[in-house]
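To keep things clear, I will list the structure first and then write my remarks on it.
The values are calculated or read from the model by the stated rules, or taken from the named source; none is laboratory data. Only a predicted model underlies this, so the values are computations on that prediction, with no experimental measurement involved. Quick reminder, even Gly has a Cβ in these numbers, built from the backbone with ideal geometry, and neighbours come from all protein chains shown.
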Amino acid sequence: MDTNTNCNVNKDQTKSWDKIINSLKDFFGKDIVRYIVKRILMFIPTIFLVSFLVFFVIQLPPGDYVSSEVAKLAGEGEYLSEKEANDLRAEYGIDKPFIVQYGMWIRDIIWTPTDSQYYRINHSHHNWKYSFEQKKNVWTVIEERLGITILISSIIMIFQYAVSIPIAVYSATHQYSAGDYIASIVGFLGAAIPNFVLAFVLMYLSYKWTGNAQVGLETKEGVIGFLKSLVIPIIVIGTSGTCGIIRSVRAQMLDEIGRQYTLTARAKGVKESTIIMKYCFRAAINPTVSGLGGILSSLFSGSTVTAMVLGLQIQGPQLLAALQAQDMYLAGSIVMVQAILVVIGILLSDIVLAFLDPRIRYSGGSR
Amino acid sequence: MSKKKKTKEDYYLASQWTLMARKLKKHKLAKVSLIILAILYFGALFADFFAPYSISNTSSLYKDTFPSKIHVMHDGEFVGPFVYGLTKTINKKDLKAPIVIEEDTSQYYKIGLFVHGDEYKVLGLFTSDIHFFGLKEGSNGGTSARIYLFGGDVLGHDILSRIIVGGRISLTIPFASAFISFFLGITIGSLSGYFGGVFDMIVQRIIEVIGAIPQIPLWMALSAAIPDGISTVKIYLYITIILSFINWTGMARIVRGKFLSLKNEDYVMAARLAGVSTWKIIWKHLVPGFLSYLIVALTLGIPGSIVGETSMSYLGLGIKDPATSWGVLLQEASDVKVVAAYPFKLIPIIFVAITVLAYNFLGDGLRDAADPYK
Amino acid sequence: MDKDNILEVKDLRVNIHMMEGELTAVRGVNFEIKKGETLGLVGESGCGKSLTCKAILAINDKKCEAKGSIKFNSDESGEVEILDLNPKGEEIRSIRGKQISMIFQEPMVAFSPMYTIGNQINECTRLHITKDKKKSKEISMAVMKKVGIANVEKRYNQYPHEFSGGMLQRALIAMALVCNPKMLIADEPTTALDVTIQAQILELMKSLQKDFNTAILFITHDLGVVAKMCDRVAVMYLGKIVESADTETIYANPQHPYTKGLIGSVHKIGGNREDRLFSIEGTVPLAMNLPVQCGFYDRCTVAIDGLCNKAEPELVEIEPGHKVACFACNHEGCKAECERARKEIAEREERERKEAELAAQEAALGKNKKKLFGRRA
């Protein structure tokens, strides 16, 4: 597919493209480049479907922008007739079919005007990317918290992998030892107990012990203060993921240790530790890498309620506020940003996986 | 010897389900979980009977009250388990806490089983006022005393009663949504796996996309669509559907995968060559082959829904007062200072945790039992 | 230990710890292999062949426990008792791959899918011959060429999934031979391959054996392959060797009914069309809680009741180099073995009878006591 599109572009471009792709192919091997191009091409329809779904959700609540405006005006003592309201609808384009409205929404999302432009536009034209509540461009609102959300999510993710993988490898190589049992039990409980339950309990305990609830993120007292305030969120949001990874990596490791090729390697005289690290671990880590998107998704999911309990200034509470105010464009955009981040996570993990696992490059990859 | 041989023979001849049940019996945690869940659901079914008070029964005296202390000795005499009532005195000297509520030790109120209390309808059929336990009325005069084992909420309701009644919603919504997703999943998954082609591709993309959107934010966004001021039954229905919205995808993926791999098995080919109809092949030969896996997936999907419902109600997006669910009960615990002052308000969390754990253990046990290679 | 022997296995027993109890999969195996010789170990699935050869390299599962003696003798390491070595230690690792190497049954799963074939063959040379990257690559490639892999430059950097089954088996053989081992264990190296490739692989192994003067322990259930490859044959049944002799003798003059059955079940070219292939009824029993009897008793057509189902025959040399463990074959050695077994049975029965009497007496005593006690109450 990619070669076809390449051929159809004009010749100069084709040449330079070919050059780039060929040099990439030489560097990484041709299978991997083909695979990555394919995955990136698949990424685009996925994003479109995500946006479609999000728009569908935005449209679900009863009433529309005009009816909420009408209600607002009514509150201010100004009444609009049914006809006037319908004229407004026609002007804003919300009387058009669903699919046209979706197109307008996408157009507004891709085209990003500045805030000052916004106010100007807003008087004559309904913009689909406008937060009613905050009277701002949706992006401006999201940007406020997006950075910190991504930062916290990445820190938690690194924490999860750093803690869980060594435990899982130990657990698998020392199967049925006391350590393995403890890790298994903790892993199971941690994965089974819901995030916000832990959040409640830790919040209560920290308040009991320190007399001051560790609530919110400390952004004023430098890096150390910030990290300190991260401890409970990391534990709360990270636990279920950590335990999940322990469980899956352990099972995967045990699976790989039982494979014939470990026996072959042993028969060659390879050291036991080399067998574990070079062969088993390398193979066992793949499903975990491919689960990166899912982990990211569950991080966002878990952090939403937890953030409310712990009062973290990340995207979760923003989403809740938007939903409670029926500010659907903001809410929809937040959900969409998170979904796109997850999809990007899946894409990245697929690419990393292609480097790690030769079979995926070869088969062209089927997830 | 012959007996041994017979059990061996039974083993070889046993159906998949008998084998699963047998293996599940060996899984102690799963068995305990099953019993716990049975108790919880039984309690929810006869909630009005097990709850000592109706959830509309309040008492201003018992606002935010700590769990009732159960005594056995009154004035140095043994009288069996009883509680004291509360009295309110006004302390004018201490301006910070002018109202003092204390136990009134002058009278005692015995605790009894099957006592008369608030009226309710048993399974919506006939009226009764018998409660599983409560204070024996008139055992020592006066009826203002109450037994609040888990304390009272901010309006003076009995938290225990609300937990039991709330279990009705919190326990059944995930169950109901699991069934909806079960049928959606089987239908869509089998069609997708059977027809393949464009239909399959579209379904696959949709599943992928729904899977990519973080669960709870999506649930929250969907529940914003629940209109205000509708009946509890309708809210219940909406939430059930919202929860199924994500769960069916997992189910459909399993069904589709199994269909794809089983479609080309020799025994299916053999059945086809023998002239068995497609419909019969699907339901007689294919579905039983992976039904056990579906049930495992179903069980393991329920905890997520429980957390989902609880979270949504906790955030005020799901079940709303005066209807009760565990999430609604937790709303009171959202302020850390309130929790520190009245830690018993966290009790509903224990029920959420126990239920979620029980489902997880049960699902784990079922998974082991369903695995023919173990 | 005989100087000519490279390997001597004495009374090898392998127990597998299982949930249901202990399973003795190898029940006292004795054999020896001379330098440069090929010994065929023949038997059905589940008779303990694979466990025996894994025990030689001490690469058995954690659940398996090997007892007895496995002595390995080479010019480089001298005489070594393998079972005494730490299975994870340096000493055994320097033997594995370097002095004794192994070809596995299924080439498709014997390589890790994560690394190139070159990498995995190279690992062996780097471990045992030279640390020098370039040199070891050269050695590996030379061996790959030798086993008949064409286009080595390209193949070296390919992954297992890009190889066909036959090619993978060649690569596996290359990996086993890359360090010029003194001894090669080939665990059914051709079962996973189709017949034409089988023949090529066997030819290849034979010619390589000539070049390197390697001793081969050839494990198979295919008697046709044995005739082609082996100098001597040991037939294994239910964890024991039941007959061993040089290849010609086994084919010309099989003594054990199991061996006879095996040979009878091989299709003969030029045989009569009406001749039915012989098949041995039944299956190998599970080696758990075995009764004291000949392991083959349940399936044997010439079994002697009262003897074969009450004692287990030992391996007896009936001719020089031809050993058999059977009560029912008509040789002097076997008759002596029968006598020994009869004596043993008689002794055992006597003992059991006495024990039963004792038990009966005790039971009677107990009953009386109970009666007394009952009356008193």
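Look at region C:40-60: where a residue is without any contact (Cβ under 8 Å) to a residue 24 or more places away in the chain and a partner is surrounded by fewer than 24 Cβ atoms within 10 Å (Cβ to Cβ), sitting 6+ places away or on another chain with Cβ atoms under 7 Å, you get C:Lys54/C:Asn60.
Where helices (runs of 4 or more DSSP H) fall entirely within region A:218-324, those with at least 1 residues that are closer than 30 Å to C:Gln99 by Cα and modelled with pLDDT of 85 or more are at A:222-257, A:260-268, A:282-290.
Testing C:Ile82 on (1) more than 14 Å from chain A (Cβ to nearest Cβ); (2) buried (at least 18 other Cβ atoms within 10 Å of the Cβ), one condition comes back false. Which one is that? It fails just one condition, (1). Here the helices (runs of 4 or more DSSP H) wholly within region B:213-312 that include at least 2 residues being away from chain A (no Cβ under 14 Å) and of a type in the set (Val, Ile, Thr) are B:232-263.
For the structure I just gave you, tell me whether A:Gln324 is surrounded by fewer than 23 Cβ atoms within 10 Å (Cβ to Cβ) and facing chain B (nearest Cβ under 9 Å). Here the answer is yes, as A:Gln324 does meet what is asked. In region A:348-367 there is no residue matching the filter, namely being hydrophobic (A, V, I, L, M, F, W, C), farther than 30 Å from C:Gly89 by Cα, within 14 Å of chain B (Cβ to nearest Cβ) and crowded, with 18+ Cβ neighbours inside 10 Å.
For region B:330-372, which positions are surrounded by 18 or more Cβ atoms within 10 Å (Cβ to Cβ), more than 10 Å from chain A (Cβ to nearest Cβ) and among the hydrophobic types (A, V, I, L, M, F, W, C)? Result: B:Phe344, B:Ile347, B:Phe351, B:Leu362, B:Leu366, B:Ala369, B:Ala370.
One residue stands out in region A:241-253 among those that are surrounded by fewer than 23 Cβ atoms within 10 Å (Cβ to Cβ) and within 12 Å of another protein chain (Cβ to nearest Cβ): the one that is nearest to A:Gly316 (Cα to Cα), namely A:Gly244.
Taken over region C:93-133, the residue count meeting the criterion of being surrounded by fewer than 21 Cβ atoms within 10 Å (Cβ to Cβ), under 17 Å from C:Pro181 (Cα atoms) and facing chain A (nearest Cβ under 9 Å) is 1.
State yes or no: is A:Ser297 surrounded by 23 or more Cβ atoms within 10 Å (Cβ to Cβ), over 30 Å from A:Ser67 (Cβ atoms) and within 7 Å of another protein chain (Cβ to nearest Cβ)? When the stated conditions are applied, A:Ser297 passes them.
Scanning region B:313-327 for residues that are more than 11 Å from chain A (Cβ to nearest Cβ), surrounded by fewer than 24 Cβ atoms within 10 Å (Cβ to Cβ) and among the aliphatic types (A, V, I, L, M) yields one hit, B:Ala323. Just checking, does region A:27-40 include any residue being within 13 Å of chain B (Cβ to nearest Cβ), within 23 Å of A:Val342 (Cα to Cα), at pLDDT 75 or above and in a helix (DSSP H, G or I)? Yes, region A:27-40 has at least one match.
Residues that are more than 7 Å from every other protein chain (Cβ to nearest Cβ) and among the hydrophobic types (A, V, I, L, M, F, W, C) within region A:188-200 comprise A:Phe188, A:Leu189, A:Ala191, A:Leu198, A:Ala199, listed in sequence order. Every test in (1) within 12 Å of chain A (Cβ to nearest Cβ); (2) in contact with a Ser or Thr (Cβ under 8 Å, 6 or more places away or on another chain); (3) outside any helix (DSSP H, G or I) is passed by C:Thr191 save one, and that test is (1).
Please determine whether any residue of region C:141-149 is away from every other protein chain (no Cβ under 12 Å), under 26 Å from the mean Cα position of the chain (by Cα) and in contact (Cβ under 8 Å) with a residue 60 or more places away in the chain. Yes; the residues of region C:141-149 include at least one that is away from every other protein chain (no Cβ under 12 Å), under 26 Å from the mean Cα position of the chain (by Cα) and in contact (Cβ under 8 Å) with a residue 60 or more places away in the chain. What residue, among those in region A:260-282 that are basic (Lys, Arg) and surrounded by fewer than 23 Cβ atoms within 10 Å (Cβ to Cβ), is nearest to the other protein chains (Cβ to nearest Cβ)? For region A:260-282, the residue satisfying everything is A:Arg282.
Results for (1) in contact with a Lys or Arg (Cβ under 6 Å, 6 or more places away or on another chain); (2) closer than 19 Å to C:Val292 by Cα; (3) modelled with pLDDT of 85 or more, shown as yes or no for each residue.
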residue: C:Gly321; (1), (2), (3): no, no, yes
residue: C:Ala328; (1), (2), (3): no, yes, no
residue: C:Ala346; (1), (2), (3): no, yes, yes
residue: C:Glu352; (1), (2), (3): no, yes, yes
residue: C:Glu357; (1), (2), (3): no, no, yes
residue: C:Arg376; (1), (2), (3): no, no, no
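Are any of the residues in region C:122-144 out of contact with any Ser or Thr (no Cβ under 7 Å at 6 or more places or on another chain) and small (Gly, Ala, Ser)? Yes, because at least one residue in region C:122-144 is out of contact with any Ser or Thr (no Cβ under 7 Å at 6 or more places or on another chain) and small (Gly, Ala, Ser). The condition (being of a type in the set (A, V, I, L, M) and away from every other protein chain (no Cβ under 12 Å)) is satisfied by just one residue among A:Ile257, A:Ile235, A:Ile285: A:Ile235. Candidates are the residues of region B:187-206 that are surrounded by 20 or more Cβ atoms within 10 Å (Cβ to Cβ) and hydrophobic (A, V, I, L, M, F, W, C); the one that is nearest to the other protein chains (Cβ to nearest Cβ) is B:Val203. Among the residues in region C:175-185, are any modelled with pLDDT of 85 or more and among the small types (Gly, Ala, Ser)? Scanning region C:175-185, I find at least one residue that is modelled with pLDDT of 85 or more and among the small types (Gly, Ala, Ser), so the answer is yes.
Of the helices (runs of 4 or more DSSP H) lying entirely inside region A:83-189, the ones with 2 or more residues being at pLDDT 80 or above and buried (at least 16 other Cβ atoms within 10 Å of the Cβ) are found at A:138-173.
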